[in-house]
Amino acid sequence: AGIGKCVALDLARRNARTILACRSRERGQAAVEEIRAATGNPAVLLRLLDTSSLASVRAFAQAVLREEKRLDVLVNNAGLTGLPFTITPEGLEQTFATNYLGPFLLTNLLLG
C-alpha cells in the first residue's frame, strides 16, 4: 500500500521486472494482481519479507541472489510507527528492527 505500491506500479509500467517484498501474502498477492492488470506486465512477483526479522531478511536476500541475474534498484520502504514497545524473537525492539536494522542488513546483503 502507499508509497511502496506506487513505486512498484511505476516500475512495472516501465516494463521492469518488479519484486514486491511483503509481510502479508494475501495483501501482497492482491497488490501484484492489481499492478499486473494495470500495467500488462507479467513480471511482477511477490516474495515474502518481514524486515523486523533478521532471519527473514537473510532468507529473502539469499533467494534474490540465487534467483535473479541482477538487481538494478532497491527501494527500502518498510516502516511502522505507533506500535506498543515490543521485542522481536531475536531480541530487538520491533520498530527499530523493522525501520532500520532490517533494511540496512538487506541492503548490505544485496550489494554483492
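Worth a mention:
- Residue ID - surrounded by the fewest Cβ atoms within 10 Å (Cβ to Cβ), chosen from residues in segment 56-68 that are out of contact with any helix residue (DSSP H, G or I) (no Cβ under 9 Å at 6 or more places or on another chain) and not hydrophobic (A, V, I, L, M, F, W, C): ARG66
- Among the residues of segment 78-90, not one is more than 12 Å from ASP50 (Cα to Cα) and touching a Gly at 6+ places or on another chain (Cβ under 8 Å).
- Any hit, segment 50-63, residues being in contact with a Lys or Arg (Cβ under 6 Å, 6 or more places away or on another chain), part of a loop (DSSP other than H, G, I, E, B) and over 18 Å from LEU111 (Cα atoms): yes
- Residues in segment 88-112 that are closer than 17 Å to GLN62 by Cβ and either surrounded by 16 or more Cβ atoms within 10 Å (Cβ to Cβ) or touching a residue at least 40 places away in the same chain (Cβ under 8 Å) (or both): GLY102, PRO103, LEU105, LEU106, LEU109, LEU110, GLY112.
- Count of residues meeting criterion [surrounded by 11 or more Cβ atoms within 10 Å (Cβ to Cβ) and either without any contact (Cβ under 8 Å) to a residue 12 or more places away in the chain or within 19 Å of ILE3 (Cα to Cα) (or both)] in segment 69-87: 8
- Cβ separations smaller than 8 Å between residues 6+ apart or across chains give the following pairs from segment 25-44 residues that are assigned to a helix (DSSP H, G or I) to residues that are open to solvent by less than 60 Å² (accessible area, probe 1.4 Å) and among the small types (Gly, Ala, Ser): ALA31/ALA8; ILE35/ALA8; ILE35/ALA12; ARG36/ALA12; ALA38/ALA12; THR39/ALA12.
The values are calculated or read from the model by the stated rules, or taken from the named source; none is laboratory data. A quick note: this is a predicted structure, and the numbers were derived from the prediction, not measured. A quick note on method: Cβ atoms are made from the backbone with ideal geometry, for glycine too, and the neighbour counts reach across all protein chains shown. For accessibility, only protein heavy atoms count, side chains too; no ligands or nucleic acids. Shrake-Rupley method; radii C 1.70, N 1.55, O 1.52, S 1.80 Å.
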